[in-house]
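*Asks:* Take this structure first; my questions come after.
What follows draws every value from the coordinates through simple rules; no lab data is involved. These numbers were taken from a predicted model, which means no experiment stands behind them. When we count neighbours, we look across all protein chains shown, and the Cβ atoms used for this are built from the backbone with ideal geometry, even at glycine.
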Amino acid sequence: MSKVKPSSLPPDTMIGGYRIVRKVAAGGFGVVYLAVDAEGQQLAIKEYLPSSLVSRAPGALLPAIAPEKLSLYRLGLKSFFEEGRALAQISHPSVVSVMNFFRENETVYMVMNYLEGASLQDFIVTAREQKKSKVFRESTIRSLFDEILRGLRIVHQHKMLHLDIKPANIFITDDNRAVLIDFGAAREVLSKEGNFVRPMYTPGFAAPEMYRRDTKMGPWTDIYAIGACIYACMQGYPPNEAPQRLDKDRIEVALTRLRGVYSDNLIEVVQWCMALDPLSRPQSVFALQKEMNREGSRRYTKLTVSEKVRLQFDTIVTDTKKNVQKATGLGAKLK
């Protein structure tokens, strides 16, 4: 039986001088509310409320924490607070603005500017349903990630990592700005402690090192996720998650099919960013920006007839294997 998620704060609750209007979103580590300040300005407030560690009854303000989970809860709380303090020092149009952060009700709240628009994930779903050869035009992808990389470079210069870059955390505002939202510092700190259950990583966008406790993370970890996001913009779907790629990597074949649709340079950028070995990826955002802005890089090499035949053959073989395994009751084991 699944655990009941802690209740969100009810409308009209006052916290830190802000009035809660309604819940906007909720995840495993917190709740985001639409709120207004004393002047009536709309704001977004994120509450640290890890559902695996706390419970909260409807109408209550304080989270209930079991004694054996208290130290872990406080560890994540500290990380969340420090994340708010660090983000408050960053002023960039492609990074969510944190205007205030405070402790109350035995938790922490992060006050951010309220964005109107939709996530990149929403746009990808809409675009892929049109079933065109290109989910997004290359010029659109390059323009979008030029903005995101400018913001991410500033984040890294402040000695921070995002650690949860995915299309759902890239927000496209109504005035056509691309903004990084929902950083994952508290999530990552908790994932490295004890036997904490880790519903942390979005399949396909988390780098291989995020699945291990003994591997150093750095800018290259976020860069893997950037590559995966570009891949999703090209394919319409996320790539296979890292553990599956370590067993059998299908990324190369998938990208080969896009030759002639997207430039060689963009395909090579995705391959570079998504290298399974962290040392084989760009080690900084600057290095990635330099490659993406390189002059004369927009060659579109089409597949040869023999390559097309080979890909078609591979597809037939794969589909046949799937049908055989499904018929013999082994479909669930197929990766």
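*Asks:* For region 15-113, divide the Cα radius of gyration by the Kirkwood radius and give the resulting Rg/Rh value with two decimals. Intermediate values should be presented prior to the final figure.
*Replies:* Values: Rg = 13.6 Å, Rh = 14.1 Å.
With Rh from the inverse mean 1/r over Cα pairs, Rg/Rh is 0.97.
*Asks:* Right, another one. Mind sorting Cys273, Cys229 by how few other Cβ atoms lie within 10 Å of their own Cβ, fewest first?
*Replies:* Values: Cys273 24, Cys229 28.
Ordered from fewest to most neighbouring Cβ atoms within 10 Å, Cys273, Cys229 come out as Cys273, Cys229.
*Asks:* Using only the Cα atoms of region 103-190, construct the convex hull and provide its projected area averaged over every direction, in square nanometres to one decimal. Working shown, then result.
*Replies:* Numbers: hull surface 30.9 nm².
Spelled out: convex hull of the Cα atoms, projected over all directions, averaged, 7.7 nm².
*Asks:* What is the magnitude of the charge dipole of region 117-299 about its Cα centre, with +1 placed on the Cβ of each Lys and Arg, -1 on the Cβ of each Asp and Glu, and no other charges, expressed in debye to the nearest 20?
*Replies:* Values: 27 positive and 23 negative charges, 69 e Å.
Once rounded to the nearest 20, the dipole reads 340 debye.
*Asks:* Give the residue list of trypsin sites (Lys or Arg not before Pro) in region 236-284 that are DSSP loop and have at most 10 other beta-carbon atoms within 10 angstrom. Can you show the working numbers first?
*Replies:* Values: sites: Arg245, Lys248, Arg250, Arg257, Arg259; in loops: Lys248, Arg250, Arg257.
Passing sites in region 236-284 are Lys248.
*Asks:* What ranking do Glu116, Glu138, Glu268 get, fewest neighbouring Cβ atoms within 10 angstrom at the top? Let's see the in-between values first.
*Replies:* Values: Glu116 9, Glu138 17, Glu268 13.
By the 10 Å Cβ count, ascending, the order reads Glu116, Glu268, Glu138.
*Asks:* Related question: Among Val155, Tyr262, Cys273, flag the residue with its Cα farthest along the positive direction of the charge dipole of region 117-299, charges on Cβ as +1 for Lys/Arg and -1 for Asp/Glu.
*Replies:* Tyr262
*Asks:* Going through the cross-link list Lys46/Lys166; Lys69/Lys216; Lys78/Lys159; Lys159/Lys216, which pairs have a Cα-Cα distance over 22 Å in this structure? Intermediate values should be presented prior to the final figure.
*Replies:* Numbers: Lys46/Lys166 19 Å; Lys69/Lys216 26 Å; Lys78/Lys159 17 Å; Lys159/Lys216 14 Å.
With Cα atoms farther than 22 Å apart: Lys69/Lys216.
*Asks:* Which whole-percent values make up P(r) of region 117-299 when all C-alpha to C-alpha distances are grouped in 10 Å steps starting at zero?
*Replies:* 9, 39, 38, 12, 1, 0
*Asks:* Now a separate question. So how far apart, in nm, are the two label points at Ser55 and Asn113 if each is 7 Å from Cα heading toward Cβ?
*Replies:* Between Ser55 and Asn113, the label points sit 4.1 nm apart.
*Asks:* Give me the dipole magnitude in Debye, nearest 20, for region 15-113 about the Cα centre, with unit charges on the beta carbon: positive for Lys and Arg, negative for Asp and Glu. Don't skip to the answer; put the middle values down first.
*Replies:* Values: 10 positive and 8 negative charges, 34 e Å.
With Lys and Arg at +1 and Asp and Glu at -1, about 160 debye.
*Asks:* Still on this structure: Highest mean first, what order results for 204-215, 120-131 on Cβ atoms within 10 Å?
*Replies:* Values: 204-215: 17.6, 120-131: 15.0.
Ranking the peptides 204-215, 120-131 by packing returns 204-215, 120-131.
*Asks:* Going by how many other beta carbons lie within 10 Å of each one, how would you line up Tyr237, Tyr48, fewest first? Provide the component values of the computation, followed by the final result.
*Replies:* Numbers: Tyr237 14, Tyr48 25.
In order of increasing Cβ crowding within 10 Å: Tyr237, Tyr48.
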